[in-house]
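Please read through the structure below; I'll follow up with questions.
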Amino acid sequence: MTKQISILALLMAFALLTGCASINSPKADPLEGLNRATFKVNETVDDYVLKPVAKGYQAVTPGFVRSGVSNAFSNIGDVGTSVNNLLQGKPSNAISDVGRFLVNSTLGVLGLFDVATPMGLEKHDEDFGQTLGLWGLDSGPYLVLPLLGPSTVRDAVSKVADSYTGYARYIQNVPARNSTQALGIVNLRADLLNTTSTLDEASLDKYQFIRDAYLQRRLSQVYDGKVPQAKRDQLEDDMDVPDGSKTGGKAGGNVTDKATDKSTENAQTAPIAPIAPLAPAAQGTAVPKETDKK
């Protein structure tokens, strides 16, 4: 209930602040001023809290242990992925995801080892935001969530549904739940240390870079990489600033040099701080892998 109230409060704040949009903001980001302020706070929290903790964790934790932790959270994420594949009308993928979960939970020792991929059970990545998008619900304005990072109004609301297929809701012991969530987030942030360093060096405007990459990648995810041209054109138009200039590349394409594409994909999905209850790692999402959905 608390999470639903939080999302409702977020939407009410959005409605109140819609009139405060920056004059030169693109249509896709009418709250750019507010979003940039939130982004700056998130960056500060990351620089002074999460990143130092992640560096310490990386220094004292062997790589194979961190890999096992990532695999375990990723294995939990397959539960939500299977449900959303079913809701999206992809039963074969849903069955494959269930198979991955069962195989990795047993032969893979509670998901610590990924033995399903070598067996031909492909890893997918679906969430309720993608499901709503496929059902025809527009993403709404771009939104930077405190501590959670890049999102949209649709994706922010969908996190409530995603929480039901994660583990945190079902751990009744509060210290155990918080410790597990913190472990997932810190482990993910440690995995992304090199990635975010590359991102910092590659982009002149980090906020714009992440925003454009997030919107383009989410559109691609909704349509499994096969984005209708009309949707590409719409996003491209929405990314126009009032003077007619583009803020990013073609929708569904690259926003920067290909050398940083993987960095962008990982960085934009990383949680910002370990106190966020709905952060991706806290709900069972490991570092995204570049795979084609079928």
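Could you look through segment 211-231, keep only residues that are farther than 19 Å from ALA156 by Cβ and of a type outside the set (Lys, Arg), and pick out the one that is least open to solvent (accessible area, probe 1.4 Å)?
Quick first cut of segment 211-231, residues farther than 19 Å from ALA156 by Cβ only: 220, 223-231.
Add one more test, that the residue is of a type outside the set (Lys, Arg), and what stays is 220, 223-225, 227-230.
Working: SER220: 35, TYR223: 54, ASP224: 40, GLY225: 43, VAL227: 15, PRO228: 53, GLN229: 111, ALA230: 74 Å².
Selected residue: VAL227.
Moving on to the next point. Taking the conditions exactly as written (open to solvent by less than 30 Å² (accessible area, probe 1.4 Å), on the phi < 0 side of the Ramachandran plot and in a helix (DSSP H, G or I)), does ASN71 satisfy them or not? Show your work before the answer.
Values: open to solvent by less than 30 Å² (accessible area, probe 1.4 Å): no; on the phi < 0 side of the Ramachandran plot: yes; in a helix (DSSP H, G or I): yes.
So ASN71 does not fit the description; no.
With the requirement that a residue be open to solvent by less than 40 Å² (accessible area, probe 1.4 Å) and either touching a Ser or Thr at 6+ places or on another chain (Cβ under 7 Å) or closer than 15 Å to PHE73 by Cα (or both), what does segment 136-152 give you?
Residues satisfying the conditions are SER139, GLY140, PRO141, TYR142, LEU143, VAL144, LEU145, THR152.
Just one of (1) at pLDDT below 95; (2) within 15 Å of LYS51 (Cα to Cα); (3) surrounded by fewer than 20 Cβ atoms within 10 Å (Cβ to Cβ) trips up ALA182, so point out which.
If we test ALA182 against (1) at pLDDT below 95; (2) within 15 Å of LYS51 (Cα to Cα); (3) surrounded by fewer than 20 Cβ atoms within 10 Å (Cβ to Cβ), just (1) comes out false.
Residues checked against (1) open to solvent by less than 40 Å² (accessible area, probe 1.4 Å); (2) out of contact with any strand residue (DSSP E or B) (no Cβ under 8 Å at 6 or more places or on another chain); (3) within 30 Å of ASP138 (Cα to Cα); (4) of a type in the set (S, T, N, Q):
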{"position": "ASP29", "(1), (2), (3), (4)": "yes, no, yes, no"}
{"position": "ASN35", "(1), (2), (3), (4)": "yes, no, yes, yes"}
{"position": "ASP47", "(1), (2), (3), (4)": "no, yes, no, no"}
{"position": "PRO52", "(1), (2), (3), (4)": "no, yes, no, no"}
{"position": "VAL60", "(1), (2), (3), (4)": "no, yes, no, no"}
{"position": "PHE64", "(1), (2), (3), (4)": "no, yes, no, no"}
{"position": "ASN75", "(1), (2), (3), (4)": "yes, yes, yes, yes"}
{"position": "SER82", "(1), (2), (3), (4)": "yes, yes, yes, yes"}
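Suppose we filter segment 66-92 for residues that are among the charged types (D, E, K, R) and under 16 Å from the mean Cα position of the chain (by Cα); how many remain?
In the first step, residues of segment 66-92 are kept if they are among the charged types (D, E, K, R); the result is 66, 78, 90.
Imposing the further condition that a residue be under 16 Å from the mean Cα position of the chain (by Cα) reduces the set to 78.
Total satisfying the criteria: 1.
Let me ask something additional. Among the residues of segment 97-127, write down those that are open to solvent by less than 40 Å² (accessible area, probe 1.4 Å), assigned to a helix (DSSP H, G or I) and in contact with a helix residue (DSSP H, G or I) (Cβ under 8 Å, 6 or more places away or on another chain).
ASP97, ARG100, ASN104, SER105
The values are calculated or read from the model by the stated rules, or taken from the named source; none is laboratory data. Computed from a predicted model, the values in this text were never measured in an experiment. Don't worry about glycine lacking a Cβ; one is built from the backbone with ideal geometry, like all the others, and counts go over all protein chains shown. Note: accessible area is taken over every heavy atom of the protein model, side chains too, but ligands, DNA and RNA are not part of it. Shrake-Rupley method; radii C 1.70, N 1.55, O 1.52, S 1.80 Å.
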